[in-house]
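Computed from the coordinates by the stated procedures, all read-outs in this text should not be read as laboratory data. The model shown is predicted, which means the values in this text are computed figures rather than measured ones. Every residue, glycine among them, receives a Cβ derived from its backbone with ideal geometry; neighbour counts consider all protein chains shown.
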Amino acid sequence: MVYKSLKIIFFYLLLVVSFFYLSANCQTDNLNVNHGKSYDELLNKKLAPSTPTQSLTPTPTAVPTVTPTIESPPDKQINNNEKTQTESTEQKKVESLEKDELVLLLSSLDNELYKGWSKQGDEKLWQAGSNLPLTVPVPQNLLTELEVKKILTQSFTKEGHNVEVVIYEFKDFTQAYSAYTVLHNGTASKLKVGRNTSESENLINFWKDNYFVDIHNKNEQPDNVSKEFIVLFSQDIGKNILIEQLPPVVAIQLPSLYRVQDSEKYCTGLTCCEESILKGNPDINCNFLNLQNSGGSISAQYQISEIKEDKKPSSDEEKISLILTRYTSTEDAELVFNTLKDNFEKKQKENKEIDITFDPDDSTLKVQYAKNNYTMLKQRGNLLGIAYKLTNKKSGEQVLGLIPWPIQINKPIHNIKPDEAKE
């Protein structure tokens, strides 16, 4: 009985020892698992699209790297900022000049004929609306009226020879033509560098498209080296201006016979009119001309001589001033003519020595101040002509007769006979 009991106890003890042995082996197997390999397999495992997943491990968080900075003293920082801003401003100026079309008109000096010549300093670009001072000796109110956009100046030098190039760009070709007529120097030139060109020993001025160009010797004494450069450089600029315009219509209508060369002055505003066309003339006010409703007013001097073969006017012959204005309509021209007529009649009442004769059929007004001092006005269509500094009525009629007046038909068309129509 005792033996049997001991046998049962031994059996149970054997079962307990076996249980603990198996448990120990299982725990040892779990400790030998490669968790890194399992983590990689988990990350690379492809799950079915329809199966929602959630990361079993926390995502590593990037830690920002902080780089220590050394602050500059306040004064040094301000100087550095000012230096950076100055460099940026200068760079913008250089880029602006490089891209500006006026700079592109200048010759690059790569021609062998420019050998020895170089730029003297940087280009100076003045633009309308800027606070920069003008780089040219021209009244700003005149340039404003002419609607100048930009002015570029550049100097060139060679062994003591100095030449300055000035290019004016205007809003419209009519303003550029006006600038040429009132600002140019020298006499008419045969050089083909612009639509109109004038020159002297020291300079060349020309007008082409929206540009008026002035190239002159900066030294007081003229020299061949500078003049050769001026001629060549003006030709290069003229070639670089691709567009060529005709003068304003009123300038084309201005009579050419007996006209004194380079005496033309064309204006579209009061400032130009008062300084260039009617300066010193107390009898006609530029305000009366109503230029804002016109295509401009042009004046020139004429020397009337007898019509003989091979005869040219001499310097001592009579010089007549003629003003021709082209209006936008006949009504505007008539209004100006009547305003001037009323003004002369008013002066006649104040001064009995003034004699006025009006011819309504020819739309001509003749004003005589003294024995040899006449002013004559004529209007037809949209044109108004004023001749003054006349010593006799005949010369006034002659110069006014040169104007290509619009043809007017006074009779109704249905009353004109066939024979009259042919005439």
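Label region 99-240 by shape, choosing from rounded, prolate and oblate, from the square roots a ≥ b ≥ c of the eigenvalues of the Cα gyration tensor; if a/c is under 1.5 it is rounded, and otherwise prolate applies when a/b is larger than b/c, oblate when it is not. Prolate is the answer for region 99-240, as a/c is 1.5 or above and a/b outweighs b/c.
Taking square-rooted eigenvalues a ≥ b ≥ c of the alpha carbon gyration tensor, is region 249-400 rounded, prolate or oblate, where a/c under 1.5 means rounded and, failing that, a/b exceeding b/c means prolate?
Verdict is oblate for region 249-400.
Using a ≥ b ≥ c from the Cα gyration tensor of region 112-193 (square roots of the eigenvalues), is it rounded, prolate or oblate, where a/c under 1.5 gives rounded and otherwise the larger of a/b and b/c decides, a/b for prolate? Since a/c reaches 1.5 but b/c is at least a/b, the shape of region 112-193 is classed as oblate.
Using the structure shown, list the pairs from 149/227; 341/378; 208/378; 192/227 with a Cα-Cα distance above 22 Å, or answer none. Those over the limit are 149/227; 208/378. Segment residue 190..residue 144, full-extension length gain: 13.5 nm, with 0.36 nm per residue of separation and the alpha-carbon distance subtracted. Annotation for region 337-413 versus region 142-194: alpha-carbon center distance of 37 Å. Placing a pseudo-label 7 Å from each Cα along the Cα-to-Cβ vector at residue 330 and residue 405 gives an inter-label distance of 1.3 nm. For residue 393 and residue 270, the FRET efficiency from 1/(1 + (r/R0)^6), where r spans their Cβ atoms and R0 equals 22 Å, is about 0.15.
The calculated FRET efficiency for residue 128 paired with residue 240, based on their beta-carbon distance and R0 = 22 Å, is about 0.50.
Applying 1/(1 + (r/R0)^6) with R0 = 45 Å to the Cβ-Cβ distance of residue 318 and residue 292 gives a FRET efficiency near 0.85.
How much length is gained if the chain between residue 305 and residue 200 is pulled fully straight, taking 0.36 nm per residue apart and subtracting their Cα-Cα distance, in nm to one decimal? It would help to have the intermediate numbers written out before the result.
On the way: separation 105, 0.36 × 105 = 37.80 nm, distance 2.80 nm.
Once the chain is fully extended between residue 305 and residue 200, it gains 35.0 nm.
When peptides 388-394, 118-124, 177-183 are ranked by their average number of other Cβ atoms within 10 Å per residue, the highest-first order is 177-183, 388-394, 118-124.
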